[in-house]
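In what follows, a structure is listed as C-alpha cells, so that the remarks can point back to it.
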Amino acid sequence: MTIDFATSALLAIDVQNDFCPAYTAVSGENRPPGALAVTKGEEVIPPLNALGEGLVHAGARLIATQDWHPPGHVSFASAHPGKQAGDILDLPGVGSQVLWPDHGVQGSLGAAFHDRFNLHRASLILRKGFRQNLDSYSAFFENDRKTPTGLDGFLRGLAITTLIVGGLATDYCVLYSVLDAVYLGYETLVVVDAVRGVGYPEGSVERAFQAMEEAGVSLVDAKEIGRNL
Ligand code: VGL
Ligand code: ZN
C-alpha cells in the first residue's frame, strides 16, 4: 500500500460526546453516557489523534464532521408522538428513518466534540443534519441522497483524491459517508480500529463492513497507515 498524503484527507466522523459512553464536562466532572452512546465509542480517539498528527505532518488534511441537529429534529423519536427510539418510520422522499433518542442538539454538551479528541490541526469542521426535516448520516449528502453538504466541493478544490476514514458510528455515519465517497470517485480507506458501531438493528455492523468491502473500500488498521508515514 502506498498513499500520497499530499492528496489525502483523514475524515473523522462524529467524535462527539453523545456517541461516547464516557466523557467529561469542560469542568472535568464525569458525565452519564452520551444520549446515543456507541459501545466503546471513545476508543476511536487515540488512533484518530495519532493519525491526525502524523497525516497532517505528512501533508494531508484533517477534516471532522459534527452531527448538529436542531431541537425537535425529525430523527428524534421525541418529535413523533407515540414513537420510541428504535422505531423505524417511512419518510416521504427519504425512505426509512430510524428514530433515535435526542442527540447532537446544536450547542449542547452532548453535541460537542469529545474533549480528548484533538482537533487543533483540523482544517474543516463540517456540520450536518441541521435541517429540521431531513437527517444526514453521510458527510457528503443528506438522507434525501441529493442535498450536498459541500464536502465534495471542498475536497475537489484542494485536489484531494484519497480519504482515510474513522469515527462513529460504523453502521451509520461512517458507512454512508464511505459509500458516498466511493460513489464520488475517492479512493477510500476505512481504519477498522478507529471505528465503532451502534449494532442496531442486530447485525448492522457486520453488514456495514461487508457493504464497504463490496463497494471497493480498503479496510486497514491504523498501523498500516502509520507504516507509510
Ligand atoms: C449517527 C445515528 C444518528 C452517527 C448520527 O453519527 O453514526 N447515528 N445520528
Ligand atoms: Zn444524528
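The values are calculated or read from the model by the stated rules, or taken from the named source; none is laboratory data. Note that the coordinates shown come from a computational prediction; the quantities given were computed from them, not determined experimentally. Glycine gets a Cβ as well: all are built from the backbone with ideal geometry, and neighbour counts include every protein chain shown. We work out accessible area using only protein heavy atoms, side chains counted, and drop any ligands, DNA or RNA first. Shrake-Rupley method; radii C 1.70, N 1.55, O 1.52, S 1.80 Å.
Values for this structure:
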{"quantity": "Per DSSP, loop trypsin sites (Lys or Arg not before Pro) in segment 113-156 with at most 12 further Cβ within 10 Å", "calculated": "146"}
{"quantity": "Whole-percent carbon and sulfur share, accessible surface of segment 71-229, 1.4 Å", "calculated": "51 percent"}
{"quantity": "Length-normalised contact order for the chain - Cα pairs under 8 Å, 6+ apart - percent", "calculated": "24 percent"}
{"quantity": "Radius 12 Å from Cβ of residue 150, net charge of other residues (Lys, Arg +1; Asp, Glu -1)", "calculated": "+1"}
{"quantity": "Accessible area per residue, Å², the chain with all protein chains present, probe 1.4 Å", "calculated": "44 Å²"}
{"quantity": "Counting DSSP beta bridges with both ends in segment 17-122, the antiparallel % (nearest 5)", "calculated": "60 percent"}
{"quantity": "Volume per residue of the C-alpha convex hull in segment 96-229, rounded to whole Å³", "calculated": "136 Å³"}
{"quantity": "0 to 90° range, to nearest 10: angle between helix 45-57 axis and the chain longest Cα axis", "calculated": "40 degrees"}
{"quantity": "Exposed-site-free run, longest, the chain (rule: GluC sites (Glu not before Pro); DSSP loop; at most 11 other C-beta within 10 Å)", "calculated": "30-201"}
{"quantity": "Unit Cα scatterers, Debye sum, segment 1-41: log10 I(q)/I(0) for q = 0.17, 0.19, 0.21, 0.29 Å⁻¹", "calculated": "-0.57, -0.61, -0.66, -0.97"}
{"quantity": "Calculated over the chain: convex hull of Cα atoms, volume per residue (Å³)", "calculated": "115 Å³"}
{"quantity": "Antiparallel DSSP beta bridges within segment 124-229, as percent of all bridges there, nearest 5", "calculated": "10 percent"}
{"quantity": "Antiparallel bridge percentage (DSSP; both residues within the chain; nearest 5)", "calculated": "20 percent"}
{"quantity": "Dipole magnitude of segment 138-200 about its Cα centre (Cβ charges: Lys, Arg +1; Asp, Glu -1), debye to nearest 20", "calculated": "60 debye"}
{"quantity": "P(r), alpha carbons of segment 62-135 - 5 Å bins starting at zero, rounded %", "calculated": "3, 16, 22, 22, 15, 11, 7, 3, 0"}
{"quantity": "Kirkwood-based Rg to Rh ratio, segment 14-83, C-alpha trace", "calculated": "1.09"}
{"quantity": "Cross-link reach list, lysines versus residue 83, counting only Cα pairs under 30 Å and skipping chain neighbours closer than eight places", "calculated": "40, 128, 146"}
{"quantity": "At 0.890 mPa s and 25 °C, Stokes diffusion of segment 1-136 via Kirkwood alpha-carbon radius, µm² per second", "calculated": "152 µm²/s"}
{"quantity": "Which of 180, 87 is most accessible, then next, and so on - probe 1.4 Å", "calculated": "87, 180"}
